[in-house]
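Pasting a structure here, questions to come.
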Amino acid sequence: MGMTMTQKILAAHAGLSSVTPGQLIEAKLDLVHGNDVTAPVAIGVLEEYGIQQVYDKDKIVIVLDHYTPCKDIKAAQLCKVARDFAHTKGLTHFYDVGEMGVEHALIPEKGLVVPGDLTIGADSHTCTYGALGAFSTGVGSTDMAAGMASGLNWFKVPSAIKVTLTGRFKPFVSGKDVMLHLIGEIGVDGALYKSLEFTGPAMGELTMDDRFTIANMAIEAGAKNGIFPVDDKTLDYLKGRTDRQPVIYEADPDAEYEREVVINLDELDSTVAMPFLPGNAKRVQEVKGVKLDQVVIGSCTNGRISDMRAAAAILKGRKVAPGVRCIVLPATQEIITQMIQEGIYMDLLEAGCAISTPTCGPCLGGHMGCMCEGEVAVSTTNRNFVGRMGHVDSKVILASPTVAAASAVMGVLADPAEL
């Protein structure tokens, strides 16, 4: 029986010629990472068991991004634990204020993951790096501790769902719409502990940022990981970021999939997820007009330079509607630099946006945009659970940067094609 991309990567890192769905394996890790929330818990586990060493100071990454710059005393204490550990262990890759970014944008930007890698992170959106043809998945902080100490982790080999993309994007439609549509079709548990493997003749329509967005939200369908084939766009993205050589895996022609989902981009419209699940997907035309208090453009899902450009293309020369707070969170320092160089930063400021230093901020109700009772936001983040962005009686509508920007201008949930 043939293997999928994911199964081939897992087999190689377990030193096996083949693996099958459901098989338990122990595999070598290429990268282990955590953030200001999850890394201190893992560090505590190491201290509890008296473990002094890390398996490789070059392969452990800590990024302070969730509540940083620190929002309160507790956040500051967590950051101190992470800082002290990184300094004591001599970690090569530690990112703090001034160098930091949202981890799932920063790690690819720094070239720390290449095709064929096996990576884990103590954050559920670690599946982002599947955009690079790597196997990456989120784990708990205890598993992160084990990975930091040994360079090994155990895995159950997932079965797979094939997602075939055809056609071409309409104007204002992007990777975020693809993923919201997919989750709406299969449900938030439709890929539970499975690999979502993307393929099809429309692969060339997807930018790398589209792929990062789609892979990032694989977990929102319950998936163990999402993964894309390696092509020229992947290899071009890696140029100048790393000297490591990629290992390219392809699914076997007879690889087995539990099902296939076909998405025709010709038929895909701007899509949003209404409260309170990412799977509550609707065409924006069906639900437009909802009055808003806040718009958030950023996060590990849609805080990259193409997202900033897309938002600025709509906001330039326009103003954020009275009564609406539009908060923009570029995902890394490099992206802020690009925004300044391209004039995007000023375009957004002049439109009335508040622009933050890189941080997860309001995505998890952390800071830089928590909502109070009864408020409604359109956000380019990845989750809209009850209380996700603040008060349990607030609401979050998930959307693409173009929908978010158009909504900021209109003051209501809006279709960018109608501006």
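The values are calculated or read from the model by the stated rules, or taken from the named source; none is laboratory data. Keep in mind that what you see is a predicted model, and the values were worked out from it rather than measured. Glycine also receives a Cβ, built like all others from the backbone with ideal geometry; neighbour counts cover every protein chain displayed. Surface accessibility is based on the protein's heavy atoms, side chains included, excluding ligands, DNA and RNA. Shrake-Rupley method; radii C 1.70, N 1.55, O 1.52, S 1.80 Å.
Over the stretch 147-229, what is the relative contact order in percent, taking alpha-carbon pairs closer than 8 angstrom and at least six residues apart?
On the way: 121 pairs, mean separation 31.2, N = 83.
This gives 38 percent for the stretch 147-229.
Rounded to the nearest whole Å², what accessible area per residue is found for the stretch 309-390 with the 1.4 Å probe?
I get 39 Å² per residue for the stretch 309-390.
Then there's this: Whenever you get a sec, compute what percent of the accessible area on the stretch 320-419 sits on carbon and sulfur atoms (1.4 Å probe). List each step's numbers first, then the result.
Numbers: 1900 of 3380 Å².
Reported share for carbon and sulfur atoms: 56 percent.
Could you state the accessible area per residue of the stretch 34-93 in Å², with a 1.4 Å probe and every protein chain left in place? Provide the component values of the computation, followed by the final result.
On the way: 3030 Å² over 60 residues.
Normalised by residue count, the accessible surface of the stretch 34-93 is 51 Å².
Specify the residue with the greatest mean-square fluctuation among ALA218, ALA105, ALA146, computed from a Gaussian network of the chain linking alpha-carbon atoms under 10 Å apart.
So, out of ALA218, ALA105, ALA146, the one fluctuating most is ALA146.
Under the definition of Cα pairs under 8 Å and six or more residues apart, what whole-number percent is the relative contact order of the chain?
Reported relative contact order: 17 percent.
Give, as a single signed number, the net charge of other residues whose beta carbon lies under 11 Å from the beta carbon of GLY190, with Lys and Arg counted +1 and Asp and Glu -1.
Local charge sum for GLY190: -2.
Let me ask something additional. Could you rank the peptides 311-321, 396-406 by their average count of other C-beta atoms within 10 Å per residue, with the highest value first? Kindly include the intermediate steps, with their values, before the conclusion.
Details: 311-321: 19.2, 396-406: 30.4.
Packing proxy ranking, top to bottom: 396-406, 311-321.
Using the Karplus curve 6.51 cos²θ - 1.76 cosθ + 1.60 with θ = phi - 60°, work out ³J(HN,Hα) for each residue of the stretch 396-408 in order, rounded to whole Hz, and write x for Gly and Pro.
Here the 3J(HN,Hα) series is 10, 10, 7, 7, 7, x, 5, 5, 4, 5, 4, 5, 4 Hz.
Name the residue, out of PRO40, PRO21, PRO246, whose mean-square fluctuation peaks in a Gaussian network model built on the chain with Cα pairs under 10 Å.
Answer for the Gaussian network model of the chain: PRO21.
Going by average Cβ neighbours within 10 Å, how do the peptides 371-378, 294-301 rank, with the highest at the top?
294-301, 371-378
Quote the convex hull volume per residue of the stretch 103-253, based on C-alpha atoms, as a whole number of Å³.
120
Please calculate the 1.4 Å probe accessible area of SER270, with all protein chains present, and give it to the nearest 10 Å².
Accessible surface of SER270 is approximately 10 Å².
Just to confirm the filter: which GluC sites (Glu not before Pro) across the stretch 49-136 are DSSP coil and have at most 16 other Cβ within 10 angstrom of their Cβ? Don't skip to the end; give the middle numbers.
On the way: sites: GLU99, GLU103, GLU109; in loops: GLU99.
Those that pass, being in a loop and sparsely packed, are GLU99.
Counting only protein heavy atoms, what percent of the accessible surface of the stretch 62-117 is carbon or sulfur at a 1.4 Å probe?
55
Could you tell me which of ALA312, LEU349, LEU268 has its Cα farthest along the dipole of the stretch 266-419 towards the positive end, charges placed at Cβ (Lys, Arg +1; Asp, Glu -1), taken about the Cα centre?
Toward the positive end, the furthest listed residue is LEU349.
Going by average Cβ neighbours within 10 Å, how do the peptides 219-226, 46-53, 205-212 rank, with the highest at the top?
219-226, 205-212, 46-53
Please report the net charge: other residues with Cβ closer than 12 Å to the Cβ of VAL113, K and R +1, D and E -1. Write down the numbers at each step before the final one.
Values: positive: LYS59, LYS110, ARG241, ARG244; negative: ASP30, GLU103, GLU109, ASP117.
Once positives and negatives cancel, what remains is 0.
Roughly how far apart, in whole Å, are the Cα centres of the stretch 186-260 and the stretch 52-121?
First find each Cα centre; the distance between them is then 24 Å.
Continuing with this model, one more query. Please work out the Cα center distance from the stretch 141-182 to the stretch 342-376, rounded to the nearest Å.
After rounding, the separation between the Cα centres reads 26 Å.
Taking all pairs of different Cα atoms in the chain, averaging 1/r and flipping that mean, what Kirkwood radius in angstroms comes out?
Every distinct Cα pair counted, the radius reaches 21.4 Å.
If you don't mind, there's one more thing I want to ask. Of PRO171, PRO158, PRO362, which has the largest mean-square fluctuation in a 10 Å C-alpha GNM of the chain?
Comparing PRO171, PRO158, PRO362 in the GNM, the peak value goes to PRO171.
Right, here's the next one. Mind listing the Cα extents of the stretch 212-263 along all three principal axes, in Å, largest one first?
Result for the stretch 212-263: principal-axis Cα extents of 37, 28, 20 Å.
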